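To start, the structure itself, in structure tokens.
Please treat every number below as a calculation from the coordinates, not as lab data. Since the model is a prediction, treat every value here as computed from it, not as a measurement. Because the Cβ atoms are built from the backbone with ideal geometry, glycine has one as well, and the counts that use them run over all protein chains shown.
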Amino acid sequence: MIRMPAGLALVALLAACGQKTDAPAAASTGAAGMGGATMADLRTALPLKELMAHVIDYNAFSVWHKQGWVIDEDGEHELFPVDDAGWHEAESAALTVAEATNSLLLPGRPQDDDRRWVDDAHALYDAAMKAQAAAERKDKQAFFDAGGEMYVACVSCHSHYVQGDEPGPVTSLPPLPGRLPGDNPQ
């Protein structure tokens with residue numbers, strides 16, 4: 001038996017670990033920023049309709065249900081969050097929508113080779129990020145406007161890919177009651 005000092009044994013062990021082997025390279029290398037993941041590691045078995053219903057629509061409605069007003073026999077009632085927890089829920093729902101738009105771009109999800117699918121996903125991402133930032137600031141008008149932008153992005157995509165026709169004209173949402181267009185609440 002050969003005896004080595006502990007330090008020399010550690011150096012020998014580290015050198016052996018650093019040696020190249022003749023092992024075959026991975027079938028596909030990941031892109032920068034993907035860690036060790038490759039395109040083959042992405043899991044996209046969830047049908048698009050399920051992704052839309054349970055992730056994107058669910059969270060978009062969670063944003064929209066926290067916006068606007070109800071007018072009934074008792075008067076006008078705001079739907080905006082009234083406490084930090086409600087605003088946090090709105091912010092989380094908006095971030096979930098934004099991040100879920102990336103899943104629309106995974107292999108097998110785009111409906112055709114038209115760039116419109118990507119543009120619609122990016123428009124929804126941008127609007128959802130605006131909604132998140134407005135919810136973080138508790139800015140009702142900006143949150144409402146961003147929710148409208150989310151809706152326009154959804155309608156643009158659905159009118160083309162679900163209904164098969166061109167989207168209608170884009171209209172602006174009204175300002176909050178008691179505000180003039182262009183007012184910037186502080």
Check your understanding: Under 18 Å from the Cα of LYS66, which aspartates and glutamates turn up, not counting those fewer than eight places away in the same chain?
Key -> ASP57, GLU76, GLU78, ASP83, ASP84, GLU89, GLU91, GLU136, ASP139, ASP145, GLU149
Practice item. Could you list TRP64, TRP69 in order of exposure, starting from the residue whose Cβ has the fewest other Cβ atoms within 10 Å? Key: TRP69, TRP64
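At 0.36 nm per residue, and after removing the present C-alpha to C-alpha distance, how many nm does the segment from HIS77 to ASP41 gain when stretched out fully? Write down the numbers at each step before the final one.
Numbers: separation 36, 0.36 × 36 = 12.96 nm, distance 4.82 nm.
Net length gain for the segment: 8.1 nm.
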**Study point:** Residues in segment 76-106 that a label on GLU136 would reach, taking backbone N under 20 Å of a point 7 Å out along Cα→Cβ
**Key:** 81-102
